Amino acid sequence: MVLIEHVGDYADEPAISSFVRRAFDLDPEIPDYIRNGPAGRLIVLKPNWVQESHEFEPDLWEPVITHPALVLAVASYVAELAQQDATIAICDA
């Protein structure tokens, strides 16, 4: 799912939360699965936390970092949907 939308400021938590909810609404199966998935499940959130450059070839990668406010908004909404019946892990490969 992809949603591109302008949000004026990452400090605007209500706007970020509203954006996240609209993104999840694009595919209702995702919130439904989170709400009704197996008890005690593990939900893994994988934001983009790529280092600024490749260790040995600095020109190889460009930085791609998901803003922490967006990560927090997604984790909060997933926790709300899971109704305290899941473990949520935030990790990167």
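The values are calculated or read from the model by the stated rules, or taken from the named source; none is laboratory data. Keep in mind the model is a prediction, meaning the values are calculated, not measured. Just so you know, the surface numbers come from the protein's heavy atoms only, side chains and all, with ligands and any DNA or RNA stripped out. Shrake-Rupley method; radii C 1.70, N 1.55, O 1.52, S 1.80 Å.
Side notes on the structure shown:
- Within the accessible area of the chain (1.4 Å probe), percent carbon and sulfur: 55 percent
- Calculated volume of the Cα convex hull per residue in Å³ (choose from (1) 86; (2) 115; (3) 102), label: (2)
- Computed over protein heavy atoms with a 1.4 Å probe, the accessible surface of the chain works out to 73 Å² per residue.
- Under-5 Å amide H pairs with residue 90, H placed in peptide plane, nonlocal only: 45
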